[in-house]
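These notes are about the structure you will find just below.
The values are calculated or read from the model by the stated rules, or taken from the named source; none is laboratory data. Keep in mind it's a predicted model, so treat the numbers as computed, not measured. In this analysis, Cβ positions are derived from the backbone assuming ideal geometry, glycine residues included, and neighbour counts consider all displayed protein chains. Heads up: the accessible areas ignore ligands, DNA and RNA and are worked out on the full protein's heavy atoms, side chains in. Shrake-Rupley method; radii C 1.70, N 1.55, O 1.52, S 1.80 Å.
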Amino acid sequence: MGFHNATVYQVYPKSFADADGDGVGDLRGIIERVPYIASLGVDYVWLNPFYPSPGRDNGYDISDYCAVDPAMGTMEDFDELSAALAAHGISPMLDMVFNHVSTSHEWFQRALAGEDRYREYFYIRRAKADGSLTTNWVSKFGGPAWARFLSEGGDADEYYLHLFDPTQADLNWHNPQVRAEAARVVNFWRAHGVKAFRFDVINLIGKTEPLADAVPGRDDRYVYTDGPAVHDFLRELNEASFGQDPDSVTVGEMSSTSIPACVDYTAPHRRELTMVFNFHHLKVDYERGAKWTRMEPDIAQLKRILDEWQRGLQAGGGWNALFWNNHDQPRAINRFGDADTYRIETATMLATLIHLNRGTPFIYMGEEIGMTDPEYASIDDYVDVEARNAYAALVAGGMDEDAAFDIVRAKARDNARTPMQWDDGPNAGFSTATPWLRPTNQATINVACEEAEGRILPYYRALVALRKRLPIISEGGYEGYAMDNDDVVAYVRTPPEGDAGAARLLVVCSMRPHPVEVAIAAEYRRGRVLIGNNAERPTSFEETPLPATLTLAPYEAIALLAGDAQA
Ligand code: TEU
């Protein structure tokens, strides 16, 4: 498939580059940095929402899907950005947030004004006879998932559904008019040349009617996630919009999903989506599955999850997006490695693990220069609604403020949203004004120093180039390796079907801050090092074969090519 040798770069517009000097990123700032983006060799740029929004959820509360928020620029700026990217063969990937819409959106306002057509766009329900809410669901940002629907002259006992913030009203996708609106939005952006789309929490749109309570004590996500109707809605949207472009690429963000569901979302014959994000691998540091806790990552669980998902999607003909970082996740270096002693090794090891794997790699801005979580000292440094709600809930639940802050510092989404660090200046080269979120470690972590003498940025560029060059990476199969060794995550990439070469690629990544041992199968002991992050290693073992048991340095990654290498 054409896109299998592609890599996606994610830009959080609010934090990437500020051209108009208001401390907030904007589209013209991204335009100015297109040469840098192109230097990475990436093929798509996923832009988080830049549409008009009250900003309660940093743009995921949209009040107009077909415009540019004035704080971000103009539609002309978007068209100029798109053209600037296209000049380097790069396509924008736009973020479509269709599970919900801002309560300031015209649709919700007209529903409040009593227009039945627009009331039907939402889940508006009367409380039950006993006064309880329609369902016992809780918002993902805390609190009940129903808020009073105070319509003009309406029934004061009505509520509307919001799985996220109360200013984000869930759209009722069972309404064909809502589905038609979504297709209209995608086609509006297609008319601006856009052929790639990311769909926000799209597996929540198929809420099975009648809406039912979760079994008390069970997590309510099973009730409204991956409803069977999602597949019908996606096929309809595909046919009515992006599916009309043979080279369209789409990715669905799948909250709390499953392998069978994701095979069905992404197997090409299903004509739903191209690929999916799932998050199970990013919950191995959630104690008892709860995000707002502290726990060392369970590496044994991590490698099982990564292996199961790769085997499951491969067996079903599905396709995974491969990522560690995004705008919702703390920086992976802090979670899975050592941000102080082994920052470079951790960064390059984690990159090796996803970029040589089966799927499409996503690089989140700053990951390619080894950015880490900011060093904040107060809850007042955190602005994200999810983090601030969680802190308040932890303290209200009796946790002392230091312990609650320690959890927020580890898990807050703000960790990923600090400005891109371009240089070591007071605002990290992001803006001439004080940034909306404070950078803290740009003195030592920034693009300029990586370009001058860094090892992370060149390594990422090399990985992106390898995917373009080697069919065993872009099209090869996947097999787990050393599954009984909990110190490493390792796998083999097998020759693509019909590939003349017999090359097999062994990728081994140490997840530990100390030396560890790993068995090297005989066929790789005389292999060639395709890429690795240990400068002490020779580039080939043809003369002096590797031992049957190799000792890896802390967070060492090594990729060994064996057989009639096409490379
Ligand atoms: O995220 C889905 C979501 O549930 C996230 O909040 C994520 O699960 C959580 O933060 C991880 O702990 C999408 C967007 O990526 C996110 O930025 C939005 O806040 C959310 O949907 C609502 O649109």
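Things worth noting here:
- Spin-label model distance (nm) - T432 vs E181, 7 Å beyond Cα toward Cβ: 4.1
- The amide H of T250, built 1.01 Å from its N in the peptide plane, has F197, T274, M275 as neighbours under 5 Å, considering only residues 5 or more places off or on other chains.
- Taking Cα atoms only, the orientation of helix 385-396 departs from the longest principal axis of the chain by about 80 degrees.
- Taking 12 Å as the cut-off, the amide N atoms of region 515-547 that come nearer than this to a point 7 Å along the Cα-to-beta-carbon line of R469 belong to 530-531.
- On the principal axes of its alpha-carbon atoms, region 213-285 has extents of 45, 29, 16 Å, going from largest to smallest.
- Sulfur and carbon atoms: percent of accessible area, region 1-119 [1.4 Å]: 50
- Translational diffusion of the chain was estimated from the Stokes-Einstein equation, with Rh taken as the Kirkwood radius over Cα pairs; at 10 °C and 1.306 mPa s the coefficient is 65 µm²/s.
- Computed from Cα atoms, the angle from the helix 75-86 axis to the main principal axis of the chain rounds to 20 degrees.
- Antiparallel bridges, percent of DSSP beta bridges restricted to the chain (to nearest 5): 60
- Overall form of region 300-438 per C-alpha gyration tensor (a/c, 1.5; a/b vs b/c): oblate
- Percent accessible area from carbon and sulfur atoms, region 354-456, protein chains only, probe 1.4 Å: 49
- Using only the C-alpha atoms, the convex hull of region 315-357 corresponds to 84 Å³ per residue.
- R235 paired with R288, simple spin-label distance in nm, labels 7 Å along Cα-to-beta-carbon: 4.2
- Region 106-249, dipole about Cα centre (Lys/Arg Cβ +1, Asp/Glu Cβ -1), debye to the nearest 20: 220
- Among the listed pairs K128/K283; K140/K195; K128/K207; K195/K283, those with a Cα-Cα distance over 24 Å are K128/K283; K140/K195; K195/K283.
- Ligands, DNA and RNA are left out, and with a 1.4 angstrom probe the accessible area of the chain is 37 Å² per residue.
- Cut-off 11 Å (backbone N to label point 7 Å along Cα→Cβ of A521), residues of region 306-328: none
- Surface/4 estimate of mean projected area, convex hull on alpha-carbon atoms of region 149-214, nm²: 6.5
- Tensor-based shape of region 1-75 (alpha-carbon gyration tensor, a/c under 1.5 rounded, otherwise prolate or oblate): oblate
- Principal-axis tilt of helix 343-355 within the chain, Cα atoms, nearest 10 degrees: 80
- By average C-beta atoms within 10 angstrom, highest first, the peptides 113-121, 164-172: 164-172, 113-121
- Taking only the Cα atoms of region 440-495, the radius of gyration and Dmax are 16.3, 45 Å.
- Relative frequency of Cα-Cα separations exceeding 14 Å in region 382-438, percent: 58
- Three-way shape call for region 354-416 based on the alpha-carbon gyration tensor, with the a/c threshold at 1.5: prolate
- When the Cα positions of Y36, I62, A315 are compared along the charge dipole of the chain, A315 comes out farthest toward the positive end, with charges on each C-beta of Lys, Arg, Asp and Glu.
- The HN-Hα couplings worked out from phi for region 430-437 by the Karplus form 6.51 cos²θ - 1.76 cosθ + 1.60 (θ = phi - 60°) are 7, 7, 8, 10, 5, x, 4, 9 Hz, whole numbers, x standing for Gly and Pro.
- Sorting the segments 367-376, 313-322 by their residues' average number of neighbouring beta-carbon atoms within 10 angstrom, most packed first, yields 367-376, 313-322.
- Residues whose placed amide H lies under 5 Å from that of T293, excluding near-sequence neighbours: E287
- The charge dipole of the chain, taken about its Cα centre with unit charges on the Cβ of Lys, Arg, Asp and Glu (plus for the first two, minus for the last two), comes to roughly 1160 debye.
- Alpha-carbon centroid distance for the pair region 1-46 / region 454-513, whole angstrom: 26
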